[in-house]
Amino acid sequence: MPLPAPRHLLLALCWLPVAALADGSLSAEREQELETLLYQDCGSCHGMTLRGGLGPALPESRMNAYSRDGLAALILNGVAGTAMPGWAGLLTEEEARWLADHLQNDNPLDE
């Protein structure tokens, strides 16, 4: 009869998917979900093409005025006194950094 696995080993195995996300390796599926969120949910205020609406336009040049971590913090915490909500309850820090990187480097608005 095999011995049961030590409890710490079981806990470590349970955290493997979380650890994979923590090191910056979001799945391609999650990246697609985040891109959809950007153009649909964020786009509901910033315009479906990020050209502005209730919220300002989000061109690459404007997004690069922030550091990646600063922009991620803005995404997570929102902007007080504006309609920009914080997304911390729905996004992880890694996901917010991915969105910030996308806005700064893969943004079709400045192409």
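The values are calculated or read from the model by the stated rules, or taken from the named source; none is laboratory data. None of these values were measured; they are calculated from a predicted model. Accessible surface areas use protein heavy atoms only, side chains included; no ligands, DNA or RNA. Shrake-Rupley method; radii C 1.70, N 1.55, O 1.52, S 1.80 Å.
What about Met1, is it open to solvent by 60 Å² or more (accessible area, probe 1.4 Å), modelled with pLDDT of 50 or more and either among the aliphatic types (A, V, I, L, M) or part of a loop (DSSP other than H, G, I, E, B) (or both)?
Against the criterion (open to solvent by 60 Å² or more (accessible area, probe 1.4 Å), modelled with pLDDT of 50 or more and either among the aliphatic types (A, V, I, L, M) or part of a loop (DSSP other than H, G, I, E, B) (or both)), Met1 does not qualify.
Within the stretch 35-48, count every residue that is assigned to a helix (DSSP H, G or I), open to solvent by 60 Å² or more (accessible area, probe 1.4 Å) and not hydroxyl-bearing (Ser, Thr, Tyr).
3
Could you list all residues from the stretch 22-78 that are of a type in the set (Lys, Arg) and under 21 Å from Leu90 (Cα atoms)?
Listed by number, the residues that qualify are Arg30, Arg68.
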